[in-house]
Each structure stands twice: as C-alpha cells, then as structure tokens.
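Please read through the structure below; I'll follow up with questions.
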Amino acid sequence: MNAVLTITAKEIRQAVRNRWVLAATLLLAALALSLTFLGSAPSGSNVGARPLDVIIVSLSSLTIFLVPLIALLISHDAIVGDMERGTMLLLLSYPVARWQVLVGKFCGHLAVLAFATCFGYGAAVAALLATGSEMDREGLAAFIAMIGSSVLLGAVFIAIGYWVSALVRDRGTAAGVCIGLWLLLVLVYDMALLGLLVLDRGQNMSGSVLNTLLLLNPTDIYRLLNLTGFANVSAFSGMAGLAGSATLSVRILVAALALWTLIPLIAASLSFSRREL
Amino acid sequence: MTSTVRIAEVGKWYGRIDAVSGASFELGQGEMVALIGHNGAGKTTLMKLMLGLIHPTHGSIRVLGENPAAGEFSARRRLGYLPENVSFDATLTGRETQRFYARLKQEPIAKAEQLLDVVGLGAAADRRVGIYSKGMRQRLGLAQALIGRPQLLLLDEPTTGLDPELRQTFYDAIQRLAAEGTTVLLCSHALTELEERAGRVIIMNRGVKVADGSLDELRRLAQLPTRIRLKISDLAPGEVPAWLPTSAPCRRLNGHVIEIDAPPEQKIDLLRRLTAAGTPVEDLDVMSPSLDELYAHFLRSAERPR
C-alpha cells in the first residue's frame, strides 16, 4: 500500500507543479461564478426558484461537459505518455506491481479533480452567501451531492482515460480516442437517444429499456442523479417528467457510476500488465 | 559461487524478429560482467527480460531467486537498474526524485540523498530535473540505481555523457560494490573502458551469444596475433630483419618503425631472437589484442557460417 501512496503523492506534486490543479480550479471557479451571477438574472426572483437550485441545475449541466473533458485530459497520457517519455521503464524496475502504479496514479488524479471541483464550485456557494442569499438545508444537501457526484463522474472518465492509455501505442492516438469518446458520451449519445424516443413515440420503448439505455452512459447517470434526485431541482430542471418514467433510485445510480469507474480501471490494469515495454 | 542471475535457453521474439534466441548464462555473486554487441544485438532486451518488463517467448529466467516473468517483484528491492537514455519527471527536483525512488525501495531517505553528493549532484539537487543536462540526468540515473546497496546492478550504457573524471568515480564506486558481492552487468559501447575492469565479457550478435569468458580466455580462443612494434634506427628501405621468421607477417609503418603480427605462442620466441640478433632497437611496444579487436573477431566468426 505504501507504494501506492508514494505514487499518489508524486502525481499530486507533479499536478501542482505543472499547474494542472491551478488551471482546473480556476476554470471551474470562473464558470461557476459567472453562472451564479449571470445565470440567475433571467429567472429573476418571481418564478419561485431559489438561487441555489438554479445554480445546481446550471452547474450540473456544465459539469457534464467540463469534468469529463478535464478528467480525460489528465488521464489520457498517464500510461502511454510515461512510456513515451521513458519514465515508466525505470518506475517498473522498482518493486511495484503495475496495478499499484495505476491505482496510485488514479488516487492522485482523482484528488486533483476533487480539489478543483470542491474549490471551484465552492466559490459559487461562497459568493451566494456573500451576497446575502438564504440557503436551506435541502438546497445545501443537493449542492453537496452535486459536488460529490461530479467527482464520481470525474473518476469514471479518469478510469476510461487510463484504459485508452493502456491500450494505444502513442499519445496522439490516446488523445484522439479520448476526444472521440467524450463527443460520443457527452453529445452524440443523448441526441441519438432523443431521436430514438421521438421516432418511437412511446410505442415499443418501455421504461426499463430507457433505464438501461440511460445506465449505459455515465453522463446520463450523473444527470439523473442531480436533476431528479431532489424535488425542487427536479421541478425546475424540467426533468420531472423523465424522473417519473425512469425509475432508478439514487442508490442504483451511485452504484452504476461506481461500476463505470471500476470496470474501466480493472480493464486498464489488465491491459497494462499484459503490455510489454 | 552462488548465482544471482540464471538464464537458460531464453528466446524472445517480436513478431518474426528474434531479439534474443537460445541465450544461456549465469552471473555469480560479485562478478563484473560486460555485455557487448552492437545496436539491436539483444543487450537491452536481455536486461528487460531480467526485470520482467517483457516476457520470454521460451526459456527460463531466475533473478535473485525469483522469476521476473511471473510478475514476482520483491527481489527488485535488491536490484538497481539504469536504463539507456534514462529520463525522469521534469517537474520534480533531483532530490525529490531520489526520495521518491528511495521510498519505493523502502530504503532510508537520508542515505539515498547522500548518493546525490557521491555522483556530484549535491549542488544541483534542488533544481528541477527538466533543466538538467544530459550528463546530470545520467548522474541522477546512477544515483537512483545505487539506492539501498543492490545485489544486482543492471547498467545500460552507464557512462554516456559523463566526463572522464566522473567515469573514474563511477567505476570506482561499482568496483567497490562488486568487491562487496554485488553482481554488475554492464552494457556498453565504450569497449576500451571495460577492458581493464570487466572480469568477464559476454558478446552478443543478432540475439545470439557468440562468446563468453574472461578477457584472457577470449584472447586464447580468438588466437589473434600480438602486435609488436619496433623502432629500429639503421633499417634500409625495403629491408626485412633477417631474424624474423616467415610465419610472422610484418609491416613497415614509416622509415624506422615496423610492426610484426606475432601469433601468441611465438611472442616470447620472437623477442628472444630479436635480442640475440643484436638489432639496434630504439623502442619497443607489445600490444595484446584489445577488446575492440576481439569483439570484431568474434562478430566476424559468428557471421561467417551464415
């Protein structure tokens, strides 16, 4: 376990040094703050939506685009990049198992992402508090859940990035494949699903088929988790209808995200240990 | 003699290319072995096989009592490796890098940091590796390989980029380790450097081991002539000394200097004749075949049957 921690500490130090931590935190904070101040303006105060709920809806939509992208950017060259730079050769001559290298890197990268999310989005809450908005307990719980699930979504994409990184021959390919995956999971999948639903007109597609299709995409799991999990948010996001037909409990959704992390991570570990360098 | 590395009939194929085929040897405790051969001869592949970074297509490997191909790695605590063209994470400092590797080997951090002074990086220890020169990176590579008194050192081209003074310190350090029982396997192109130092030489050609033995054994096997160079003052142009037997070819290098290729067993006899003839010799050089020549010889004889 010591080896894992050593590698984690080194990854975090490197991320701080090459300003990954700073860049990700600033990016998320800047967007969260601008959404806080600009995003709540059009809704005004007369629609009955509290500012925190508005922020949760807009921030989670932002997260779906941004967090997977940041996660893939950090993770896509974790293995293939170190191989190309030649540092992996030396590392693997040390008494560490390859899975330890992978888990160590994973913990380090996840810590970086968690830090950026907590502080970036935390800035939004701090700004709300500073401007004197009131906050109830439910809203705050929803916000904390949103941050937690965002980190979990990041974990999914870090694991996916590692898998790609363990499979491909060079860094360029890894980057290309990761961008492709990002487009597919974040944009194309939902559009295709929407098209399918429209074409089907509710004839053949049952609720369970829809559930399965939503569970097959981690970003949809995340969306369901945040936009339907809390009554207020759900009503405001316009997801109440979907929430009614997709009958998945929070527990199942979290478990699904955990599986989405674990399976690519195990697959990455297997491909990495078979790899020769 | 206990063996640290045992390699038996090992072959490694990349697709249809044989990187190594049918290599067998053992390395004993405290041995200092030079592994030589040109690029692509399979030297680096052998080292990677010993580290378990790649798996042999056939044959078996034991390193410090473990089978590296099966993923056993606890023996790597007692192993130091310096890869060819070593590279480090550019954002960390030399000291941080050294600490990181010491932690992975579970060795005392302070001792590992002292190694930075040994290789002459003490002053640059807190600078980032990214701005290190090639020579400095190489020194850091040596420092990490020496962490924790390894029982086996695998050094791939260890002296490239080192200045002569540091080369000397480096060889002194590893010779001390070898005297204490560390097995050292050195890959190098700098054959003259290895000549006086390596107790044993293994020559590889196209993945096949073509020679293995001490330098004297290889000289005996190769039967290469010893070169005797004489400076004779009153030698007429075109004249060949009368005492010279026909079996020893001789060349004239310039007006006064002739060079004789003497078969090893005739060497002493030739010198005796020379003194008996009373030739006015001004200067005399006797050169045993160097590692360079032996290497070239074994490569030629390995190529011939093909």
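How would you classify segment A:2-274 from its alpha-carbon gyration tensor, with a ≥ b ≥ c the square roots of the eigenvalues: rounded for a/c under 1.5, else prolate if a/b is greater than b/c, otherwise oblate?
Working: a/c = 2.30, a/b = 1.43, b/c = 1.61.
Verdict is oblate for segment A:2-274.
Calculated from DSSP H runs of 4 or more alone, at -39500 (n - 2.57) each and per residue, what is the 222 nm mean residue ellipticity of chain A, nearest 500? Walk me through the intermediate numbers first.
Values: 14 runs with 213 residues, N = 277.
Estimated from H runs of four or more residues: -25000 deg cm²/dmol.
Within chain A, which is the longest segment that contains none of the GluC sites (Glu not before Pro) sitting in a DSSP loop with at most 13 other Cβ atoms within 10 Å?
Values: sites that count: A:E134, A:E276.
That would be A:135-275.
Something else: Which value in deg cm²/dmol, rounded to the nearest 500, describes the helix-derived mean residue ellipticity at 222 nm for chain B, given -39,500 (n - 2.57) per DSSP H run of n ≥ 4 and division by the residue count? Don't skip to the end; give the middle numbers.
Values: 9 runs with 95 residues, N = 306.
After summing the helix terms and dividing by residue count, I get -9500 deg cm²/dmol.
Still on this structure, I have one more. As an exercise, use a Förster radius of 35 Å and the Cβ-Cβ distance of A:L194 and A:N18 to find the FRET efficiency, rounded to the nearest 0.05.
Numbers: r = 39 Å, r/R0 = 1.12.
Taking R0 as 35 Å, the efficiency between A:L194 and A:N18 is 0.35.
Could you run the numbers on buried accessible area between A and B, total for both chains, 1.4 angstrom probe, in Å² to the nearest 100?
Values: alone 13600 and 15190 Å², together 26150 Å².
Buried: approximately 2600 Å² between B and A.
Starting from the residue with the highest accessible area, list A:C178, B:C250 in decreasing order, probe 1.4 Å. Each step should come with its number before you reach the end.
Details: A:C178 5, B:C250 50 Å².
Putting A:C178, B:C250 in descending order of accessible area: B:C250, A:C178.
Same structure again: What figure, in Å² to the nearest 10, do you get for the accessible area of A:M146 with a 1.4 Å probe and non-protein molecules left out?
It works out to around 0 Å².
When only alpha-carbon atoms are used, what values of Rg and Dmax, in angstrom, describe the protein assembly as shown?
When restricted to the Cα atoms of the protein assembly as shown, Rg and Dmax are 33.9, 123 Å.
If you build a Gaussian network model of chain B, linking Cα atoms that sit under 10 Å apart, which residue out of B:T246, B:T93, B:T159 swings the most?
Checking each option, the largest mean-square fluctuation is seen for B:T246.
Count neighbours as other Cβ atoms within 10 Å of each site's Cβ, and list the GluC sites (Glu not before Pro) in segment B:139-229 that are DSSP loop with at most 15 such neighbours.
Working: sites: B:E165, B:E180, B:E193, B:E195, B:E196, B:E217; in loops: B:E180, B:E196.
Answer in residue order: B:E180, B:E196.
Now a separate question. Report, in listed order, any pair from A:K10/B:K105; A:K105/B:K134; B:K12/B:K105; B:K43/B:K105; B:K12/B:K209 with a Cα-Cα distance greater than 18 Å.
Where the Cα-Cα span goes over 18 Å, the pairs concerned are A:K105/B:K134; B:K12/B:K105; B:K43/B:K105.
Further question on the same structure: Could you order B:L152, A:L66 by accessible surface area, starting with the largest, using a probe radius of 1.4 Å?
Values: B:L152 0, A:L66 30 Å².
Sorted descending by solvent-accessible area, the residues read A:L66, B:L152.
The values are calculated or read from the model by the stated rules, or taken from the named source; none is laboratory data. Quantities reported herein were computed from a predicted structural model and do not represent experimental measurements. So basically every Cβ, Gly included, is an ideal-geometry build from the backbone, and we count neighbours across all protein chains shown. Remember, those area values only see protein heavy atoms, side chains included, never the ligands or the DNA or RNA. Shrake-Rupley method; radii C 1.70, N 1.55, O 1.52, S 1.80 Å.
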